[in-house]
Structures are given as C-alpha cells and as structure tokens.
Amino acid sequence: MKILFMNAECKNDVDYIHRHFYEQAIAKIADCAWAGHGHELHISGENINDTVNRVLPGADWAIVNDVAQIRFYYPVRFSEKRICKIAYITGDVYWNPPVAASRYNRGNWDVFLMGQTRLDTYIPSSTNRIPQKADPDFYFKHLNAPIFHSAHSINPEWYKPLDREKEYDVCFLGAHSQYYPLRVPIWNQLPRLAKRNKWRVLVRGSPPGTSYLRKIDVLLKEGYIVGKKYAETLALTKIFIFSSGGSKLAVKKYYEGMASGACVLADTPMCAEELHFEPGVNFVEINKKNWKDKLKYYLKHDEEREEIARRGYETAMKYHTNDVRARQLVGFLEEHN
C-alpha cells in the first residue's frame, strides 16, 4: 500500500510529535511519502492530484489533517476526479457536533480518522432552551464515510519505565483551565497537600504557545518539561494525576502515564472500554470528592499501586504502541481501498 501524508512536519513539535512517531511506524509496513507543510517535498498551493503524481505516483491514499488544512492551506479541488482516496484527520469533534458533521461531510472524504469517536457533550441551542445532550454515537450516525478510531498511541522508545529510583511521589503536568474541571482543584490544592504529607511533588502547567508553534528544542532551553524530558519525568514518578476534560476525551496522558510505568489517577474517559482502560485494574478512577483520599491511599499502599502501574504498562504495550495502531490503520485502509 502507498500512503502520502499531507500533514505538517511535526518532529520538533510539543503537541504533535506523537504523530511523527506514528507515521514512522506506518512507514514500516507501507510505502509512505511526506509532502505537507515543512517537509522537503512540500509545494505551497499545489493541487493534491499534482502532488501525488510528483511525489508518490500510484498512491492508494492521501492523508490530510484538519489543522494543516486551516493553518497551511493546500487545495483539494472536488470538481476534479481524484487519483487516490483521501483520509481526513478530523480536528476537535466535541464543540458542536451538528455543525462539525456538516462541515466534514462537505469534503466528501473517503474515510475519517478520528481521535475521539464517541461524545460526552451538549449541542448548543439557537433558542433559550437548555442545550441537548448529544448522542454518544452521533458521528457514526451522521458522517458520510467510514470512521477509524485513531486513538493516541505511544513511542515505547520514549515512554517506558526506567531502572532508577522514583524521584517524585506524584506529578501534575499540563493545562488546568476551566475546560478541565477536575484539574483546577488538583492544581490549586496539591502543593499544600504534598507539603502537609511530606510528599515529593512536581506541579507544572503547560508550556506557552500554540499548536505547531511550540518547539521542543526552544522550550527545553527555557527549562520546560517537554519532549523526551517529559517522558523521562513520567517514568520517575510514582503517581501521575490529571483528568480527561469537559468532554471526557481520552487525552494522551492516559497512554503516556501507563507506558511510563506510573500509576495513573484520572477520571474514566469516553471509549474507556474500547481502549481497555479499567478503573481499579490499570488506572485509579478519581473525582472532585475523592482524589485526595485516593492519592493518600495509593501512596501508602505500595504493592497495590505498583500492581496497577504494572497492568497499565502491559495495557499500553499490548494495545497502544505506534506499531499496534499502525497495523490497525493500514488494515482499515486496505479494507476500504
């Protein structure tokens, strides 16, 4: 199978380096080429048919990215006959499902690659009525092409346990805005809680900047915990605590924490069963009321915490490495070619 990636180059990008590793895993089992923004073969404004003929003649699929479509424009002219099928990576799917589905369907894509397929969100109302709860399977019912659940995956060369003594009892690393209602009290209260209990704690917010502009090498020089340093930090903590967010997305932190051998404390996200996330088995489920008690309990009970962390690691290695996800994607594209 031949696959042309039209995604922006991201191997030095804080937010999307995981996509770089994922694409490299796909290239192990498929004939791949890259022509998105930032890649050597990119030509701005070139029609995608011309790009295929120039870069990867006979390509079966081109993969385009929602963010790249907006930020780095290249035309996909629907009045022309396409010379290969196109897989479309959707952006955030939770903000307004009917509007998002309508926009996606206008593209007449051949398949959708969605990081989140099931919803826990509300549909805004144009009147003064209370917003309606969205059908969790809304996109399966309203998108006009097959959907592949392109859940996050990890690079086990980065995210892995280290044969070193743990430096932290608990870490909180990441955003803590109102979109993450459980993270706000953790951010505000964890330092004082740690001081009272004499825990070794690391609490850091997200590095500054926006997607595709936050560069790992620059932020590392400024002292931020990003890139491989972020992965190593997770491997050196006993507990990694965070939450999914307002729409219960299975954010990258679940996969990263489990793969690093940390015990993950978080709420249960959507698609948990599909992703093999089991509360009390491979992560510890928390909420606003019990997160402090759960944190205290699992820092006192080493064997239970370490067993959950071990099962989390096994889950990540079995179901969520880049190689696993690459095989799943290529199989899906072959099925729909």
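Cross-link partners of Lys296 among lysines, defined as those whose alpha carbon lies under 16 angstrom from its own and excluding same-chain residues fewer than eight positions apart: Lys195, Lys198, Lys238, Lys288.
Lys and Arg at +1, Asp and Glu at -1: add these up for the other residues within a Cβ distance under 12 Å of Met317 and post the number.
Numbers: positive: Lys160, Arg310, Arg311, Lys318; negative: Glu314, Asp323.
After counting each charged neighbour, the total is +2.
Determine the dipole magnitude for the chain: charges of +1 sit on the beta-carbon of Lys and Arg, -1 on that of Asp and Glu, nothing else is charged, the reference point is the Cα centre, and the result goes in debye to the nearest 20. Mind dumping the intermediate values first?
Working: 47 positive and 40 negative charges, 252 e Å.
Around 1200 debye, computed over the chain.
Placing pseudo-labels 7 Å out from each Cα toward the beta carbon at Glu304 and His276 gives an inter-label distance of 2.5 nm.
Descending by average beta-carbon neighbour count within 10 Å, the peptides 300-309, 14-23 line up as 14-23, 300-309, the highest first.
Could you run the Debye sum over the Cα atoms of the chain, one equal point scatterer each and no solvent, and tell me log10 of I(q)/I(0) at q = 0.06, 0.13 Å⁻¹, two decimals? Summing over Cα pairs of the chain leads to -0.23, -1.04. When segment 168-319 is described by a simple charge dipole with +1 on each Lys and Arg Cβ and -1 on each Asp and Glu Cβ, the residue from Val281, Ala194, Tyr179 located farthest towards its positive end is Ala194. Sorting the segments 40-50, 255-265 by their residues' average number of neighbouring beta-carbon atoms within 10 angstrom, most packed first, yields 255-265, 40-50. Across all C-alpha atoms in segment 271-333, the radius of gyration and Dmax reach 14.9, 47 Å.
Listed by chain and number, the lysines placed with their C-alpha closer than 19 angstrom to that of Lys2 are Lys28, Lys81, Lys85; residues fewer than eight positions away on the same chain are left out. Among Thr210, Thr233, a tally of other beta-carbon atoms within 10 Å of each Cβ gives an order, fewest to most, of Thr210, Thr233.
Every read-out reported here was derived from the displayed coordinates using simple, explicitly stated rules and does not represent laboratory data. Please read these numbers as outputs of a predicted model, since none were measured by experiment. Counting neighbours? That spans all protein chains shown, and the Cβs are built from the backbone with ideal geometry, glycine included.
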